[in-house]
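In what follows, a structure is listed as structure tokens, so that the remarks can point back to it.
The values are calculated or read from the model by the stated rules, or taken from the named source; none is laboratory data. Please read all numbers here as calculations on a predicted model, not as lab measurements. Please note: Cβ atoms are built from the backbone with ideal geometry, for glycine as well, and neighbour counts cover all protein chains shown.
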Amino acid sequence: MSASPQVSVVMSVYNEVNRIEESVRSILGQTLRAFELIVIDDGSQDGSSELLQRLASEDPRLRVIRQDNAGLTKALIRGCAEAVAPLIARQDADDWSFPQRLQEQLAMLEADPKLGFVSCSTEYVGPADEHLVTITRPADPDTATRGLLTERQGPPAHGSVMFRKSLYEQAGGYRSQFLYSQDSDLWLRMAELMSIGYVEAVGYRHRKDPSSISGNRRAQQSEFARLAHACRASRLRGDSQLANLEQAQALAESILRSKSSAKHSSKHGSLDINYLIASQLVANGDKRARRYLRRVLRIRPWHWRAWARLAQSFFWTKDGK
């Protein structure tokens, strides 16, 4: 590891043996060389631990910290506490960073002291790397910050963000009550203190997968996001956030206790994300949409929109004709 890394990259891994090497190597191959990569192995049991140890033996910039499974939020809290650089970048274990990502985000933060955190244009891909859509945000920091605070237009992906560690600490860091949408809660508190900026170039590739949190916990994730905005509303009124934080904590405990609820959520969340992936592929003229639509129809045979999309997939071309 560099004696004085400019950036600490923080990643949490839980049973990602099929994705983790590609993700880690996308960071180790960055054009920026002065960084450390902190990977919190959150109790993996699928071979991820052994793979991470092998990768760490090849590059001293990779530091692996193993802990009992505690969930993403607590793993990120641990990782950010371990970071030694003045800037922290996130990276998710099933995503991929383009080689210039860290260099461009570092340059943006160094060029503008008013910016507290930055993201970049992000390509969304499906489980098999199918191109779905590229998400961009306004280049103007004032417009971008206003969009985050008032229009729910934040960074395209949690892992696409780099932030000043001093801002992270001033804002209070990730909050353990937020089992999901911990990023939305943090970005809102950061944006109340400093502006967000976006590198216009595509720097990050985010995977949409039915097995991910955003895939099979969509309803619960939305409820945590609602509570994050409720906390902001309380702050704006000068009221205590305690009631909202207690609701978030109770929801987290309920999810962790209830296996049957988790299975129900997983089934219907998977249906939703498969349909969304398929819809975008149909719009792109990609016939691979059909495999996702068939999965939807196996779960819900009367899903008429899925039938309509399936029929459309046989006629729709990339030109929309």
* To do: Would you mention how many residues in region 241-264 are over 17 Å from residue 218 (Cα atoms) and at pLDDT 95 or above?
  => 9
* To do: Could you tell me whether residue 24 is assigned by TED's automatic domain parsing to the domain that holds residue 160, closer than 18 Å to residue 183 by Cα and either without any contact (Cβ under 8 Å) to a residue 24 or more places away in the chain or β-branched (Val, Ile, Thr) (or both)?
  => no
* Structure fact -> When region 155-166 is checked residue by residue, the ones that are crowded, with 19+ Cβ neighbours inside 10 Å and over 19 Å from residue 207 (Cα atoms) are 163, 164
* Within region 116-134, count every residue that is surrounded by fewer than 20 Cβ atoms within 10 Å (Cβ to Cβ) and among the small types (Gly, Ala, Ser). => 2
* Asked: Which ranges mark the strands (runs of 3 or more DSSP E) fully within region 1-84 that have 1 or more residues being among the acidic types (Asp, Glu)?
  -> 35-42
* Asked: Can we say residue 225 is touching a helix residue (DSSP H, G or I) at 6+ places or on another chain (Cβ under 8 Å) and modelled with pLDDT of 95 or more?
  -> yes
* Hey, among the residues in region 88-115 that are of a type outside the set (Asp, Glu), assigned to a loop (DSSP other than H, G, I, E, B) and in contact (Cβ under 8 Å) with a residue 12 or more places away in the chain, which one's surrounded by the fewest Cβ atoms within 10 Å (Cβ to Cβ)? -> 114
* Looking for whichever is assigned to a helix (DSSP H, G or I) and either assigned by TED's automatic domain parsing to the domain that holds residue 296 or under 18 Å from residue 87 (Cα atoms) (or both) here; the options are 193, 186, 227, 236. Which one fits? => 186
* For residues that are closer than 21 Å to residue 87 by Cβ and out of contact with any strand residue (DSSP E or B) (no Cβ under 8 Å at 6 or more places or on another chain), tally how many sit in region 26-50. => 3
* Asked: Does any residue of region 164-174 turn out to be farther than 28 Å from residue 33 by Cβ and in contact (Cβ under 8 Å) with a residue 60 or more places away in the chain?
  -> no
* Do we find that residue 233 is free of Cβ contacts under 8 Å to residues at least 12 places away in the same chain and more than 15 Å from the chain's Cα centre (by Cα) in this structure? -> yes
* Within region 64-78, restricting attention to residues that are surrounded by 13 or more Cβ atoms within 10 Å (Cβ to Cβ) and charged (D, E, K, R), which residue is farthest from residue 14 (Cα to Cα)? -> 78
* Asked: Any residue in region 92-111 that is touching a Leu at 6+ places or on another chain (Cβ under 6 Å), within 29 Å of residue 255 (Cα to Cα) and modelled with pLDDT of 95 or more?
  -> no
* What's the number of the condition residue 154 fails, among (1) in a helix (DSSP H, G or I); (2) in contact with a strand residue (DSSP E or B) (Cβ under 9 Å, 6 or more places away or on another chain)? -> (1)
* To do: Specify which of the listed residues (12, 26, 49) is among the polar types (S, T, N, Q) and more than 16 Å from residue 96 (Cα to Cα).
  => 49
* Search region 13-63 for residues being under 20 Å from the mean Cα position of the chain (by Cα) and farther than 26 Å from residue 129 by Cβ, and hand back the single one that is surrounded by the most Cβ atoms within 10 Å (Cβ to Cβ). => 38
* Asked: Looking at (1) touching a residue at least 24 places away in the same chain (Cβ under 8 Å); (2) under 17 Å from residue 96 (Cα atoms), which is the only condition residue 18 fails?
  -> (1)
* Select from region 119-140 the residues that are closer than 19 Å to residue 103 by Cβ and modelled with pLDDT under 95 and list them in ascending order. => 139
* Exclusive hit being touching a residue at least 60 places away in the same chain (Cβ under 8 Å), surrounded by fewer than 19 Cβ atoms within 10 Å (Cβ to Cβ) and of a type outside the set (Val, Ile, Thr), set 152, 137 -> 152
* Can you work out which of the residues in region 196-208 that are crowded, with 20+ Cβ neighbours inside 10 Å and not basic (Lys, Arg) is nearest to residue 166 (Cα to Cα)? => 196
